[in-house]
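Have a look at the structure below, then the notes.
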Amino acid sequence: MSANSPVNLLLIFGSATFYLYVLSRNLPHATYKRESVSEEESQEQRSLTFPSDLEELRAIAGLLYSYKAEHTGYVLLLFCSAYLYKQTFAIPGSSFLNILAGALFGPWLGLALCCVLTAIGATFCFLLSRAYGKQFVVRRFPEKLAILQEKVQENRNSLFFFLLFLRFFPMTPNWFLNITSPILNVPLTHFFFSIVVGLLPYNFICVQTGCILSEISSLDILFSWSILVKLLAIAMVALVPGAVIKHCSHHQLGEKVKNGHVDNGRKTQ
């Protein structure tokens, strides 16, 4: 069997899923302040799933916060494992985990965790796509890939700032950038640090929301027009250095061409 066989990818996914399942089903015992807990409630508390709405997010945050008082290391391991799992396999819903980070670890530690884990998990996704996903991505997204490839080539001299713009821009699907970057020959260092910096504003907003999780009534606050406009403004600022670099490159190229014509003219004379 080839090293790049899709079967290997399925084995990696299956192993990671099994590991996370075992980790989430074997939470350590914790002493609760509540006087009585039913058997059914206790069983529910000892198994976890990814939240899909605000109520589930609140319930999981409350449960893990109780565990965190006695088993900080285990809660941290579980959170990091779940976050990396979602990022590595391009599974939507990381915003819920960003909010959960704020609720569990506070604004600054939560933000640091989200930025680092996002970059590491996306890098794993990058490496998996480079090893196993090229044919699938080319076959599944030919038009989108062609458009993105054209833009990357246009901004090759200022690629890092272009990647920052894509990460800052609130409507860019990050999972798509993660799986296509290795196919577009984006350097891994550019890829990694563009995520650390580029997703910082959005991660900050989500983590801050998690700090007031008990007070909010809807997650629509994350996608309000004021938030989107601010993120778009940051994205536009990220394009400025790239535009300057492109302008300077074109100017230098023009000077070289001009000087070349002058030299050729002298030789002819």
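The values are calculated or read from the model by the stated rules, or taken from the named source; none is laboratory data. Note that the structure is predicted; figures quoted are calculated from it, not measured. When we count neighbours, we look across all protein chains shown, and the Cβ atoms used for this are built from the backbone with ideal geometry, even at glycine. Just the protein is used for accessible areas: all its heavy atoms, side chains included, with ligands, DNA and RNA removed. Shrake-Rupley method; radii C 1.70, N 1.55, O 1.52, S 1.80 Å.
Summary of computed values
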{"quantity": "Breaking point among (1) touching a Pro at 6+ places or on another chain (Cβ under 9 Å); (2) surrounded by fewer than 20 Cβ atoms within 10 Å (Cβ to Cβ), for F124", "calculated": "(1)"}
{"quantity": "Matching residues, the range 79-111, being open to solvent by 30 Å² or more (accessible area, probe 1.4 Å), on the phi < 0 side of the Ramachandran plot, of a type in the set (A, V, I, L, M) and under 13 Å from the mean Cα position of the chain (by Cα)", "calculated": "L84, I91"}
{"quantity": "From L128, L100, L117, residue being modelled with pLDDT of 90 or more, farther than 18 Å from L188 by Cα and not aromatic (F, W, Y)", "calculated": "L100"}
{"quantity": "Helices (runs of 4 or more DSSP H) contained in the range 157-269 and holding at least 1 residues at pLDDT 65 or above and surrounded by fewer than 18 Cβ atoms within 10 Å (Cβ to Cβ)", "calculated": "174-180, 188-198, 200-211, 225-268"}
{"quantity": "Selection count, the range 137-158, where residues are touching a helix residue (DSSP H, G or I) at 6+ places or on another chain (Cβ under 8 Å), within 17 Å of I179 (Cα to Cα) and not charged (D, E, K, R)", "calculated": "6"}
